[in-house]
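Structure first, then comments.
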Protein chains: 2
Amino acid sequence: MPEAFDHYPTRLPERHGPVPRREPVIHADPADRRRGPLDADQLARFERDGFLVLEGFFQPREIERFRDDLAAYEHDPEMLARPGTITEPDSDAIRSIFGIHALSARFDTLTRDSRLLDLSRQILGSDVYVHQSRLNRKPAFRGRGFDWHSDFETWHAEDGMPAMRCVSISVSLSENRDDNGPLMLVPGSHETFYPTVGETPKRNWETSLKRQKVGVPALADIAAATRNRGVVAARGGPGTVTVFDGNTLHASSDNLSPAPRTNLFFVYNSIDNRLRAPYAASGPRPEWLASRERVAVLEPGPAQRSAVA
Amino acid sequence: MPEAFDHYPTRLPERHGPVPRREPVIHADPADRRRGPLDADQLARFERDGFLVLEGFFQPREIERFRDDLAAYEHDPEMLARPGTITEPDSDAIRSIFGIHALSARFDTLTRDSRLLDLSRQILGSDVYVHQSRLNRKPAFRGRGFDWHSDFETWHAEDGMPAMRCVSISVSLSENRDDNGPLMLVPGSHETFYPTVGETPKRNWETSLKRQKVGVPALADIAAATRNRGVVAARGGPGTVTVFDGNTLHASSDNLSPAPRTNLFFVYNSIDNRLRAPYAASGPRPEWLASRERVAVLEPGPAQRSAVA
């Protein structure tokens, strides 16, 4: 059940001022901060900016096979019919595939990659599980973008995620460049929660994953968040990893270029931050959007081993 | 009346292959080619690419007063109520103001700027008039883009423009940069007409100016057009002028950045290319979208003088 007092009220009938973040950004205690792939400088940057772009995190050949898998999915009618497969607002082209780690042993194994796990644990200061996984495709010439939003706002309102102790890791399967709709982030925005206006419609996810209408911060809030430090685009070749706090404001433009843009997103949540009842929605979202059942602690290694354990 | 045979068939019930351009790109005869602001190299590039970006064409102070005018329009309820004022698909923010030269003596005078007139005449090889004028605004954080299209395709289908003898001049009133939805063009695409599929709905302009649904080339056509030479973004500071052939494929992304993007567009048509009955629509569009009455030859100088003449 939700707490009596909700520190992060949202989906409100009227405007509400910004709420300062309550939780730390790096949850590991001082001794554990050093246990992990990020050095002191990277941790300090993540703490200050709410994100970190790590070019060359994966070798191009490591991600090639994932690109091949995805190319196969595009022409698979069963994939198109799955509830977790979201098409573009104005065509049948695949926009997102949710629950990709539950779909394929290969993607599941990638979520258990020890480099990604160590990174998540170093930031969240605990064991972790996958709250959500998705593939975001932006086909060449007409892939649609995503408006400015905080993921945590939705996870809190619609999934009942209690605290800011969740991190998103994006793995670029293609080049991300200025003209193909790269992820853009607002440095420092993770320090503030911007309550949004408007009640969550029933089964909101059926339309919000194509184009989000509620849970979108007011224009004045986005302007305030960007006033001092503007906006940064996460550019980089295939294999680039972008780590960002669940509350960092982000967006991306349409892709009108000839270069398709494909990124994987794995959302790691602390096992101490498991979902409750939604804070501002009439019922929980499906398992493929927000893990409630599948919350076992992630261990490195192939999916097979984990299934046996 | 339309000709018995339409060289540029479009809005068809089914796919039709590309049609090579029939008209020259530079219409001036060899002697007249030299009369105008563009040198031989610029003319050759325009001929090859279908566009030309001229940074610093206007001094920043020359365009400052236009920016002030527009800032005033934004808060003018009469301006919002005009039929030529188009708002964003998902808000009341002004997206376009059509017929801007008929609205203000200052904008009218700008269309008669001798540098712009000489440039248009040099390319079109005749006297010219303004077929259409518009302001395209893209507000910060949420200004929507424009999908890939050829303007000539619409002008031919919906306005009855017979031939490719029309040039668009865009005057940047703000910076155009990678992240604020700059005009993007496909070099060489002006040499081919791509017939589109789908009948023109009645009063199509009432929705098409917010988001175009018919008159959009097939994805395969855009892919073919960009195969050899890709896509170019027209970047530049305020005062940059981009000249492009009416048939050059162009698009622009959403503006999610903190920097608003505002461009003026003047479309100059040859007086020998005046409108006929629409080739693929049930009736003509309003005068503020396509000049049928106001087709007097443009002469340089202030609007007042022209009104007396």
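The values are calculated or read from the model by the stated rules, or taken from the named source; none is laboratory data. Keep in mind that this is a model prediction, so the values were computed, not measured. As a convention, Cβ positions derive from the backbone with ideal geometry for all residues, glycine included, and neighbour counts pool all protein chains shown. These area figures cover heavy atoms from the full protein model, side chains too; ligands, DNA and RNA do not enter into them. Shrake-Rupley method; radii C 1.70, N 1.55, O 1.52, S 1.80 Å.
Structure above, values below:
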| item | result |
| --- | --- |
| Dipole axis of the stretch B:86-130 (+1 Lys, Arg; -1 Asp, Glu on Cβ), positive-most option in B:Phe98, B:Tyr129, B:Ser114 | B:Ser114 |
| Computed magnitude of the charge dipole of chain A (debye, nearest 20; Cβ of K, R +1, Cβ of D, E -1) | 100 |
| For the stretch A:174-309, convex hull of alpha carbons as volume per residue, Å³ | 160 |
| Binned Cα-Cα distance frequencies in the protein assembly as shown - 10 Å width, integer % | 3, 16, 25, 23, 16, 11, 5, 1, 0, 0 |
| Cα gyration tensor of the stretch B:210-287 - equivalent ellipsoid semi-axes, whole Å, descending | 26, 20, 16 |
| Distances in nm from A:Glu74 to the matching label points in the other copies, shortest first (labels 7 Å along Cα to Cβ) | 3.9 |
| Copies compared at B:Arg227 - label distances in nm, ascending, label defined 7 Å from Cα in the Cβ direction | 5.3 |
| Net charge of Cβ neighbours under 9 Å - reference B:Ile26; Lys, Arg +1; Asp, Glu -1 | 0 |
| Where GluC sites (Glu not before Pro) fall in DSSP loop in the stretch B:26-133, at most 15 other Cβ within 10 Å | B:Glu55 |
| Per-copy distances of the A:Ala44 label point, shortest first, in nm (7 angstrom along Cα→Cβ) | 5.5 |
| Three semi-axes of the equivalent ellipsoid, the stretch B:90-217, Cα gyration tensor, whole Å, largest first | 23, 21, 16 |
| Area of B:Asp39 that stays accessible when all protein chains are in place (1.4 Å probe, Å², to 10) | 80 |
| Loop-located chymotrypsin sites (Phe, Trp or Tyr not before Pro) in the stretch B:1-51, at most 10 other Cβ atoms within 10 Å (DSSP) | B:Phe5 |
| Candidates B:Gly198, B:Gly215, B:Gly239, ranked by Gaussian network fluctuation over chain B, Cα under 10 Å, top entry | B:Gly198 |
| Histogram of C-alpha separations across chain B, 10 Å bin width, % | 6, 28, 39, 23, 4, 0 |
| Extreme residue, positive dipole direction of the protein assembly as shown, given options A:Phe5, A:Asn273, B:Thr240 (C-beta unit charges) | A:Phe5 |
| Set of the stretch A:213-240 residues, backbone N closer than 20 Å to the point 7 Å along the Cα-Cβ line of B:Ala71 | A:220, A:223-224, A:227-228 |
| R0 of 41 Å, Cβ-Cβ distance B:Val297-B:Asp178: FRET efficiency to nearest 0.05 | 0.55 |
| Virtual paramagnetic centre 7 Å along Cα→Cβ of B:Glu55, amide N under 15 Å, in the stretch B:234-267 | B:234-242 |
| For the protein assembly as shown: lysine pairs under 18 Å (alpha-carbon distance), excluding those fewer than 8 apart on one chain | 8 |
| Magnitude of the charge dipole, the protein assembly as shown, Cβ model with Lys/Arg +1 and Asp/Glu -1, debye to 20 | 120 |
